[in-house]
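Below is one structure, written out as structure tokens, with a few remarks after it.
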Amino acid sequence: MTTGTEAAGGEETGAWRGAEPGLLRLRWLLLLCCGLPVTAAAGIVPGLLLGPAWAALALPPAALTAWGRGALARNWRSWRYAERADDLLVGHGVLWRKLTVVPYGRMQLVEVTSGPLERRFGLARLVLHTAAATTDATVPGLTPDEAERLRDRLTRLGQARSAGL
């Protein structure tokens, strides 16, 4: 994503990093697995039972699936994170943008998770847990190596910052 942007207070942040392209391919696959059967059922069943003109009922689900592909791409581009000296910034959202600031000293648990489909696409997600439920954050679409590096770094920084409390 962009590098060297300024935060709301004018403080210089670290380089913004985005999600891996594999996350977008995974989400497109899931969209097709849901959209194609619905489109086929909406066109084939009425077309066979009621006549060929009724096969046009497949057009709305097909259009919705095509629109969803673009929406997923916009959402994928919105995911980003930046490491700063005292905290981690996690941002996402297209219409409603959300920026979560997680101070290193407040982190209680940092875990790397990866489901079967994520592993198939070479992806992992980093989940940050804090004492306050509202500041938990997730960074999806990381490579497993980057997720482990980030987990180790955040754990080290969290232990160093919380030792001073």
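When Rg is the radius of gyration of the Cα atoms in the range 83-165 and Rh is its Kirkwood radius, what does Rg/Rh come to?
Radius of gyration over Kirkwood radius for the range 83-165 works out to 0.99.
For the chain, what is Rg from Cα atoms divided by 2.2 N^0.38 Å, rounded to two decimals?
Values: Rg = 20.7 Å, N = 165, 2.2 N^0.38 = 15.3 Å.
Rg over 2.2 N^0.38 Å, computed on Cα atoms: 1.35.
Whole-Hz Karplus ³J(HN,Hα) for the range 95-105, in order, using 6.51 cos²θ - 1.76 cosθ + 1.60 and θ = phi - 60°, x for Gly and Pro?
Result, ordered by residue: 7, 10, 7, 10, 10, 9, 10, 10, x, 4, x Hz.
Over all distinct alpha-carbon pairs, what is the Kirkwood Rh of the range 45-98 in angstrom?
When all Cα pairs of the range 45-98 are included, the Kirkwood radius is 14.4 Å.
Kindly provide the helix-only [θ] at 222 nm of the chain, computed as the sum of -39,500 (n - 2.57) over DSSP H runs of four or more divided by all residues, to the nearest 500 deg cm²/dmol?
The per-residue figure over the chain is -15500 deg cm²/dmol.
If amide H atoms are built 1.01 Å from N in the plane of the peptide, which residues on other chains or at least 5 residues away come under 5 Å of the amide H of residue 88?
102, 104
Tell me the angle of helix 59-78 to the major Cα principal axis of the chain, expressed in degrees between 0 and 90 and rounded to the nearest ten.
10 degrees
Compute the angle between helix 144-163 and the longest alpha-carbon principal axis of the chain, please, reported from 0 to 90 degrees and rounded to the nearest 10.
In the chain, helix 144-163 runs at an angle near 40 degrees to the longest axis.
What accessible area per residue comes out for the range 4-112, rounded to a whole number of Å², with a 1.4 Å probe?
Details: 6580 Å² over 109 residues.
Per residue, the range 4-112 has an accessible area of 60 Å².
If one takes the longest principal axis of the Cα atoms in the chain, at what angle in degrees, from 0 to 90 and to the nearest 10, does the Cα axis of helix 21-50 lie?
20 degrees
The values are calculated or read from the model by the stated rules, or taken from the named source; none is laboratory data. Keep in mind the model is a prediction, meaning the values are calculated, not measured. Please note that ligands, DNA and RNA were not included when accessible areas were found on the heavy atoms of the full protein model with its side chains. Shrake-Rupley method; radii C 1.70, N 1.55, O 1.52, S 1.80 Å.
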